[in-house]
Amino acid sequence: MSAISWEQDHAERMNAPLVTQLIRDAVPAIRFTEWRMERVDEGGAASLLPLNDATTNQHGTHQATLLALAADYTGGAAVAGLIRGVPVIGIHPQLDDQGMALWLLDFHMKYLEPSTTDLTIRGAVPAEQHARIRSKYAAGDTVVVTVPMEFVSSEGTLIAEGQFTYFLKQNNRLAPTKPGARVNALYAHRSKASARLIAGLRALETQSPSARFLDPWAAQMAGGHGLMLARRFSEWLPELPEMVAARTLDVDQALDDSFEQVVLLGAGFDMRPFRAAAHAAVFELDFAHMHEERARLLATLHGLPPVPRTVVPADLRLQGVDEALAKSSFEPSRPTLFVLEGVSMYQRVEDLAKIVASVARLLKHQNSRLWLDLVSRSVVERSTGFHAAERFVDGMRRLGEPFILGFDDPRPFFAEHGLTVARHISSGHYRPRGEDSALFGLYGFWHLAPSALPTSTETTA
């Protein structure tokens, strides 16, 4: 937790106009009501829910459920104000994994009379709890806070009252600390959301009249949630669907008949084993909770071709790829394609180094390869000069999935781990010839081979 003063924190993170704008951006429904935050203090907040056409029912009184919605964000601001200098995931942009996970657990409300004026909503964390909350949060513990709320008309009448209970914890403490440990629901949700987003983008490509690949199961794997995320993120970065299509094509094309094994490092909801890898033995590495969700979804699909798949529960933050595969039927001596897709940009450099090094130890065949995608450093630093790219990065930061790693030139990094570049192309490689690909050049695909073994000629496009 930052040692900055409340005055600085209020100016930079928790002042009412800023919090209003951030919440309106994150929650379209609340933006539509013209709700606004009026005041944020350390442990307290007040907001205003106007009486207007968007907020009222057929009787001209506030819709009761909107009171709860407005109170949720008012109470959340009161809690967030206690923890100075820490951005709230989903509201504030995240630069790393040090943000605050804040979630409404439960609420109870008692409605006393109809609300027929602008409504002030006030919440305050009891002062005697402030020190305990700050101490537990700083220690990385789970904190549960109940905030009493009151709803007062412009005439001073108490319209309703309630209690809103919140969960808060350091984001980097949500992840399991050992294999097999219980997974926090918020951590599981974020990993599923990312997988659904990519499945949704593949579904949109499949549905396009000019589709460059077909994934007939992507829409079902994505579900409504994934398709909604795909549409939203495509609005932020219109080039995103084309970039994901390019990386899908590049891996599909790399997966030729010379590979006898394929290792998906973070299988998510990828249907590549059934689309493009039916000739090879497939090893799917991912979190146990992701495998459970994947199995549930696969059981709903029909017409899947038989594929020799091995499911390998693994948390690559806690164990190497070689360790995860040790008890499986994987054979390092056979030609293998390792696929690390859509992962690198979310890693610290030391964490990516562990993954890459553990894969390098398994590249025992001269034709084995590691495929991975990387963004440039300018993407992470928001210095690309492309407004759409920076808007997309901002969106990922608000979602709590910030890009934290990019490379100007990753070759020295690869060389440190005994790898050489067999092939490198930009995501613009698959675009129609002659179109501007400057933005696409910020995102590329790397095919890596062991340095001690002969490789093909590197190409860049």
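Among the polar types (S, T, N, Q), within 24 Å of the chain's Cα centre (by Cα) and part of a loop (DSSP other than H, G, I, E, B) - does that describe any residue in region 145-158? Talk me through it step by step, then tell me what you get.
Keep residues of region 145-158 that are among the polar types (S, T, N, Q), which gives 146, 153-154, 157.
Subset that is within 24 Å of the chain's Cα centre (by Cα): none.
Within region 145-158, not a single residue is among the polar types (S, T, N, Q), within 24 Å of the chain's Cα centre (by Cα) and part of a loop (DSSP other than H, G, I, E, B).
When only residues in region 99-133 that are in a loop (DSSP other than H, G, I, E, B) and of a type in the set (D, E) count, which is nearest to the chain's Cα centre (by Cα)?
D118
For the subset of region 192-244 comprising residues that are of a type in the set (S, T, N, Q), assigned to a helix (DSSP H, G or I) and more than 27 Å from H291 (Cβ to Cβ), which member is modelled with the highest pLDDT?
Among those that are of a type in the set (S, T, N, Q), assigned to a helix (DSSP H, G or I) and more than 27 Å from H291 (Cβ to Cβ), it is Q207.
Quick one: what pairs do we get from region 405-424, first residue polar (S, T, N, Q), second part of a loop (DSSP other than H, G, I, E, B) and open to solvent by 30 Å² or more (accessible area, probe 1.4 Å), C-beta under 7 Å, 6+ apart or different chains?
T420/S451; T420/T455
Please go through region 307-336 and give me each residue that is closer than 25 Å to G223 by Cβ and open to solvent by 70 Å² or more (accessible area, probe 1.4 Å), ordered by number.
R309, V311, P313
Please pick out the residue among A77, A11 that is buried (at least 19 other Cβ atoms within 10 Å of the Cβ) and either assigned to a helix (DSSP H, G or I) or of a type in the set (K, R) (or both).
Numbers: A11 fails: buried (at least 19 other Cβ atoms within 10 Å of the Cβ).
Going through A77, A11 in turn, the sole match is A77.
For F386, state whether it is at pLDDT 95 or above, open to solvent by less than 70 Å² (accessible area, probe 1.4 Å) and farther than 19 Å from D97 by Cβ.
Against the criterion (at pLDDT 95 or above, open to solvent by less than 70 Å² (accessible area, probe 1.4 Å) and farther than 19 Å from D97 by Cβ), F386 does not qualify.
For L48, which of the numbered conditions (1) more than 27 Å from A131 (Cα to Cα); (2) of a type in the set (A, V, I, L, M, F, W, C); (3) part of a helix (DSSP H, G or I) fails to hold?
(3)
Given G180, G156, G140, which one is surrounded by fewer than 16 Cβ atoms within 10 Å (Cβ to Cβ) and closer than 28 Å to R294 by Cα? Can you show your working first?
Working: G156 fails: closer than 28 Å to R294 by Cα; G140 fails: closer than 28 Å to R294 by Cα.
So the residue among G180, G156, G140 that is surrounded by fewer than 16 Cβ atoms within 10 Å (Cβ to Cβ) and closer than 28 Å to R294 by Cα is G180.
Find the residue count for region 250-285, including only residues that are farther than 17 Å from Q220 by Cβ and open to solvent by 20 Å² or more (accessible area, probe 1.4 Å). Outline the logic, then answer.
The initial filter retains those residues of region 250-285 that are farther than 17 Å from Q220 by Cβ, namely 250-266, 276-285.
Those still in the list that are open to solvent by 20 Å² or more (accessible area, probe 1.4 Å) too: 252-253, 256-258, 260, 266, 276, 278-279, 281.
Final tally of qualifying residues: 11.
Anything in region 282-323 that is within 16 Å of V339 (Cα to Cα) and hydroxyl-bearing (S, T, Y)? List them, or say none.
T310, the sole residue that qualifies.
When you go through (1) open to solvent by 20 Å² or more (accessible area, probe 1.4 Å); (2) in contact (Cβ under 8 Å) with a residue 40 or more places away in the chain; (3) under 30 Å from L318 (Cα atoms) one by one for L174, which number turns out not to apply?
Of the numbered conditions (1) open to solvent by 20 Å² or more (accessible area, probe 1.4 Å); (2) in contact (Cβ under 8 Å) with a residue 40 or more places away in the chain; (3) under 30 Å from L318 (Cα atoms), the odd one out for L174 is (1).
If I filter region 86-106 for residues that are surrounded by fewer than 20 Cβ atoms within 10 Å (Cβ to Cβ), closer than 30 Å to E155 by Cα and in contact with a strand residue (DSSP E or B) (Cβ under 9 Å, 6 or more places away or on another chain), do I get at least one hit?
yes
Scan region 116-172 for residues that are of a type in the set (V, I, T) and closer than 23 Å to P50 by Cβ and jot them down.
Correct list: T116, T117, T120, I121, V147, V152, T157, I159.
Is there any pair linking a residue in region 252-267 that is in a loop (DSSP other than H, G, I, E, B) to one that is of a type outside the set (D, E, K, R) and surrounded by fewer than 22 Cβ atoms within 10 Å (Cβ to Cβ), with Cβ under 7 Å and at least six apart or on different chains, and which?
What qualifies is L255/A276; D257/H279; S258/P335; S258/N367; F259/P335; E260/A281; E260/P335; G266/V343.
For V88, all conditions in the list (1) touching a Gly at 6+ places or on another chain (Cβ under 6 Å); (2) hydrophobic (A, V, I, L, M, F, W, C); (3) without any contact (Cβ under 8 Å) to a residue 60 or more places away in the chain hold save one; what is the number of the exception?
Only one criterion is unmet by V88, namely (1).
Being buried (at least 22 other Cβ atoms within 10 Å of the Cβ) and either at negative phi or among the hydroxyl-bearing types (S, T, Y) (or both) narrows it down to one residue among V421, V359, V380; which is it?
Matching residue, one of V421, V359, V380: V359.
For residues in region 109-137 being out of contact with any strand residue (DSSP E or B) (no Cβ under 8 Å at 6 or more places or on another chain) and loosely packed, with under 13 Cβ neighbours inside 10 Å, which is farthest from N57 (Cα to Cα)? Spell out the reasoning first.
Here is the first cut: in region 109-137, the ones out of contact with any strand residue (DSSP E or B) (no Cβ under 8 Å at 6 or more places or on another chain) are 127-128, 130-132, 134-135.
Next, from what is left, pick out any that are loosely packed, with under 13 Cβ neighbours inside 10 Å: 127-128, 131-132, 135.
On the way: A127: 37, E128: 39, A131: 42, R132: 41, S135: 44 Å.
Only one residue fits best here, namely S135.
Tally the residues that are of a type outside the set (S, T, N, Q) and buried (at least 20 other Cβ atoms within 10 Å of the Cβ), restricting the search to region 49-67.
So the answer is 4.
When only residues in region 286-303 that are among the aliphatic types (A, V, I, L, M) and open to solvent by less than 50 Å² (accessible area, probe 1.4 Å) count, which is farthest from the chain's Cα centre (by Cα)?
Of everything passing the filter in region 286-303, L301 is farthest from the chain's Cα centre (by Cα).
Checking T165 against (1) in a helix (DSSP H, G or I); (2) touching a strand residue (DSSP E or B) at 6+ places or on another chain (Cβ under 7 Å); (3) among the polar types (S, T, N, Q), which single condition isn't satisfied?
So T165 meets the others, but not (1).
Listed residues L197, L229, L201; which is within 18 Å of A26 (Cβ to Cβ), crowded, with 23+ Cβ neighbours inside 10 Å and touching a helix residue (DSSP H, G or I) at 6+ places or on another chain (Cβ under 8 Å)?
When all the criteria are applied, what remains is L197.
All but one of (1) out of contact with any His (no Cβ under 8 Å at 6 or more places or on another chain); (2) in contact (Cβ under 8 Å) with a residue 40 or more places away in the chain; (3) under 22 Å from G44 (Cβ atoms); (4) not hydrophobic (A, V, I, L, M, F, W, C) hold for E205; state the number of the condition that does not hold.
Of the numbered conditions (1) out of contact with any His (no Cβ under 8 Å at 6 or more places or on another chain); (2) in contact (Cβ under 8 Å) with a residue 40 or more places away in the chain; (3) under 22 Å from G44 (Cβ atoms); (4) not hydrophobic (A, V, I, L, M, F, W, C), the odd one out for E205 is (3).
The values are calculated or read from the model by the stated rules, or taken from the named source; none is laboratory data. None of the values given here were measured: they were computed from a predicted structure. No Cβ is skipped: glycine too gets one built from the backbone with ideal geometry, and neighbour counts run over all protein chains shown. Heads up: the accessible areas ignore ligands, DNA and RNA and are worked out on the full protein's heavy atoms, side chains in. Shrake-Rupley method; radii C 1.70, N 1.55, O 1.52, S 1.80 Å.
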